[in-house]
Amino acid sequence: MSKTWVGSIVVALCVFTATARAELVEINGIELSVPAGWGKATKGKATMLAPKAFKGRGIEVFAIPKMPEATVEGVQKLLGSEKITVKKVAPLERNGWKGVAVVGQVATPKGNVDMDLLVVPVKDGAVMIISFIMADQDPVLRQANATVLLSARLAGPRMSVTFTPPKSGTGGIPKDFADAMNVLVPKLDAMLFLPGPLPVNIMSCGKINAFYSPATHSITMCHELWDDFIKLFTSVGLDEAKATRVARGVYVFTFFHEFGHALVFELGLPITGKGEDAADELATLMLSGVGAKGHEAALEAAFWFESMVAKGYKNPFWDEHSFNDQRSVAITCLLYGADKARYEPLMKKKGIPPTRLAKCTRDYGQRYQAWNKLLAPYHRKVATAAASK
Ligand SMILES: [Zn+2]
């Protein structure tokens, strides 16, 4: 296993190739989620968005020099057109920006037409989004009006990696592992659109842990957990070099586990059952799609849980995590579901009966489809499998 193979793991998300229901477009520094079947055209300084066969005026996006005052007069002055009547204006805070929401009417030869307007501040000024589709007879279009306007967010990367060396001065996550995370994370970021920043902080925490925090919208990977992996794996008989190699795979699994928690909270995914099991499941599914190294990392995570069983570590019955031996089998069960022939000997060795094996196969398909369906609306695009060593 190459030292920095983590960077190649982006292919893992290729398991999630369901057709996106929406497409993300970037215009003048903002991102809008546009329904499938819509087109984008440029007319003068405006970018026009509308369903491909649509004949009327859809949604128009312009760059403007600065934010207007959040009053009827302020917006009326900005629009500067006698044809447009501004009816209501309110400040609006959404998706990390503070802008202005406007309801108005535009005079056309066929009469007055309702319009919605959003002004979003961007780095060098502001962006105005005018939508005329709320006035359409088609309820699907009227619904799309709300969906597109609500999706407006500032463009730019959501995920970033910071590396702070361990406070103790020794041990901790190796710098080259962090460098590889710096390759992986931007690729994940380019594949799924998250509503706001999600930093990944590699640092000393004062405790053995890795966690996603909904309060700070961040993932923390603690040096102490890495050191604990090495201690655990050497205590069950691995030499230092092997323990370090296994720790890399296990920490990749752990990152995907935390990323799973983050996706659930950040995207509001409607999961049921235990959140901890769902996070293990997502990590295993992603890794099972990455080829031999992904499978190896998932197996190493199963080994991690087995090692804890071997050392007699047992979480209490009320814990939100399943028991370590259950977590280990849940991982190998999904791997078996992904590749029956490859994992049959392992599952036999573990003493897993055929009735359970049949359910592993069934569950793998179900879980794979479920995650696909949950994540499909948040796809930017299907990543190209850019493996890097
Ligand atoms: Zn967890």
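The values are calculated or read from the model by the stated rules, or taken from the named source; none is laboratory data. Computed from a predicted model, the values in this text were never measured in an experiment. Cβ sites come from the backbone with ideal geometry, for glycine too, and all protein chains shown count toward neighbours.
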If a residue has to be of a type in the set (Ser, Thr, Tyr) and within 30 Å of Gly206 (Cα to Cα) to count, how many in region 115-166 make the cut? 3
Within region 138-171, residues closer than 30 Å to Lys123 by Cβ and assigned to a loop (DSSP other than H, G, I, E, B) come out as Ser151, Ala152, Ala155, Gly156, Pro157, Arg158, Thr164
Checking Leu285 against (1) farther than 30 Å from Ser168 by Cα; (2) crowded, with 19+ Cβ neighbours inside 10 Å; (3) within 15 Å of the ligand (Cβ to nearest atom), the condition it does not meet: (3)
When the residues of region 176-215 are filtered to those that are closer than 23 Å to Leu374 by Cβ and in contact with a Gly (Cβ under 7 Å, 6 or more places away or on another chain), which remaining residue is surrounded by the most Cβ atoms within 10 Å (Cβ to Cβ)? Leu184
Filter region 230-282 down to residues that are of a type in the set (Lys, Arg) and either within 15 Å of the ligand (Cβ to nearest atom) or touching a residue at least 12 places away in the same chain (Cβ under 8 Å) (or both) and give me whichever is farthest from Val185 (Cα to Cα). Lys274
Taking region 360-389 as the search range and keeping residues that are among the charged types (D, E, K, R) and surrounded by fewer than 15 Cβ atoms within 10 Å (Cβ to Cβ), which one is modelled with the highest pLDDT? Arg362
Selection status of Gly291, touching a residue at least 24 places away in the same chain (Cβ under 8 Å), at positive phi, in contact with a helix residue (DSSP H, G or I) (Cβ under 8 Å, 6 or more places away or on another chain) and not β-branched (Val, Ile, Thr): yes
Any chance you could count how many residues in region 288-315 are within 15 Å of the ligand (Cβ to nearest atom) and crowded, with 20+ Cβ neighbours inside 10 Å? 3
Residues of region 95-135 that turn out to be among the charged types (D, E, K, R) and in a strand (DSSP E or B), as a count: 3
Among the candidates Phe163, Phe193, which residue alone is modelled with pLDDT under 90, aromatic (Phe, Trp, Tyr) and not assigned by TED's automatic domain parsing to the domain that holds Leu92? Phe193
Candidates Gly7, Gly39, filtered to the one that is at pLDDT 65 or above and either over 23 Å from Asp124 (Cβ atoms) or in the same structural domain as Val246 (by TED's automatic domain parsing) (or both): Gly39
Exactly one condition in (1) at pLDDT 85 or above; (2) of a type outside the set (Lys, Arg); (3) touching a Pro at 6+ places or on another chain (Cβ under 7 Å) is false for Ala46; which is it? (3)
Hits in region 97-140 (condition: in contact (Cβ under 8 Å) with a residue 60 or more places away in the chain and crowded, with 17+ Cβ neighbours inside 10 Å): Val120, Val122, Ala126, Val127, Met128, Ile129, Ile130, Ser131, Phe132, Ile133, Asp136
If I go through region 316-331 residue by residue, how many of them are more than 18 Å from Cys360 (Cβ to Cβ) and within 13 Å of the ligand (Cβ to nearest atom)? 3
Among the residues of region 36-76, what is the count of those that are within 17 Å of Leu118 (Cβ to Cβ) and surrounded by 12 or more Cβ atoms within 10 Å (Cβ to Cβ)? 22
